[in-house]
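> This is the structure I want to talk about, given as structure tokens.
Bear in mind these aren't lab numbers, they're just calculated from the coordinates by the rules spelled out. The structure presented is a predicted model; accordingly, all values stated were derived computationally and were not measured. FYI the Cβ positions are ideal-geometry reconstructions off the backbone, even for glycines, and counts take in every protein chain you see.
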Amino acid sequence: MLWYTHLYMGEKAKKHSYSIIQSIQEKSFRPGVFVITPPSNGNNVLDIYPSYMLLLCDEREKELKILGIAYGYQEALELAGTIVSEMYEETGGFGLEEFLAERGSQV
């Protein structure tokens with residue numbers, strides 16, 4: 001897994017950020033934690049996964065870039081909305097690669 005340099009964190013997730021990140025890196029189960037990633041296909045702007053899906057990591061997902069972490073699905077939706085809003089405000093569109101490039105990071 002790769003971590004976005006300017007990792008987005010939900011308010012609840014911020015309170016436990018160290019332990020959440022550590023559990024994801026160690027591939028230990030952390031109920032209620034969701035990660036936001038670039039889309040796995042061309043039809044989405046972002047993907048939201050429960051963190052337990054990362055336990056099933058295959059070769060393709062080793063390159064998976066985590067853009068944000070949230071605690072609870074509602075917080076994940078709000079955080080994804082924040083990312084998409086910032087993306088649109090900064091680029092005038094929904095191109096994730098362009099948005100990250102402007103911030104000094106690539107997908």
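> Over the stretch 9-107, what is the relative contact order in percent, taking alpha-carbon pairs closer than 8 angstrom and at least six residues apart?
On the way: 130 pairs, mean separation 28.1, N = 99.
Rounded, it is 28 percent for the stretch 9-107.
> With a ≥ b ≥ c taken as the square roots of the eigenvalues of the C-alpha gyration tensor of the stretch 38-100, please select rounded if a/c is under 1.5 and otherwise prolate if a/b is larger than b/c or oblate if it is not?
Working: a/c = 2.55, a/b = 1.40, b/c = 1.82.
Judged from the Cα gyration tensor, the stretch 38-100 comes out oblate (a/c at least 1.5, b/c at or above a/b).
> Neighbouring Cβ atoms within 10 Å as the yardstick, rank TYR8, TYR18, TYR71 fewest first. Mind dumping the intermediate values first?
Values: TYR8 17, TYR18 8, TYR71 24.
The order, fewest Cβ neighbours first, is TYR18, TYR8, TYR71.
> Let me ask something additional. Going by how many other beta carbons lie within 10 Å of each one, how would you line up PHE34, PHE29, fewest first? The partial results should precede the final answer.
Numbers: PHE34 25, PHE29 10.
In increasing order of surrounding Cβ atoms, one gets PHE29, PHE34.
> If one takes the longest principal axis of the Cα atoms in the chain, at what angle in degrees, from 0 to 90 and to the nearest 10, does the Cα axis of helix 73-91 lie?
For 73-91 against the chain, the angle is about 30 degrees.
> In addition: Express in nm, to one decimal, how much length is gained between LEU2 and TYR73 on full extension, taking 0.36 nm for each residue of separation and deducting their alpha carbon distance.
Numbers: separation 71, 0.36 × 71 = 25.56 nm, distance 2.16 nm.
Once the chain is fully extended between LEU2 and TYR73, it gains 23.4 nm.
> Just check the chain against the gyration tensor rule for me: Cα atoms, a ≥ b ≥ c as the square roots of the eigenvalues, rounded for a/c under 1.5, and otherwise prolate or oblate depending on whether a/b exceeds b/c.
prolate
> Stretched out fully, how many nm does the piece from LYS14 to MET53 gain, at 0.36 nm a residue minus the Cα gap? Write down the numbers at each step before the final one.
Numbers: separation 39, 0.36 × 39 = 14.04 nm, distance 2.08 nm.
Extra length from LYS14 to MET53 when fully extended: 12.0 nm.
> What dipole magnitude, in Debye to the nearest 20, does the chain give about its Cα centre under +1 on Lys/Arg Cβ and -1 on Asp/Glu Cβ?
Values: 9 positive and 15 negative charges, 101 e Å.
That gives a dipole near 480 debye.
> Something else now. Determine the percent antiparallel among the DSSP beta bridges restricted to the chain, to the nearest 5.
Roughly 65 percent of the DSSP beta bridges within the chain come out antiparallel.
> With springs only between Cα atoms under 10 Å apart, run a GNM on the chain and tell me which of PRO39, PRO50, PRO31 wobbles the most.
PRO31
> GLN22 to GLU63: extension gain in nm, 0.36 nm per residue of separation minus the Cα-Cα distance?
Numbers: separation 41, 0.36 × 41 = 14.76 nm, distance 1.78 nm.
This chain segment gains 13.0 nm when fully extended.
> In addition: Under 10 Å, Cα contacts only: if you run a Gaussian network model on the chain, which one of ILE48, ILE66, ILE21 comes out with the highest mean-square fluctuation?
Fluctuation is largest for ILE21.
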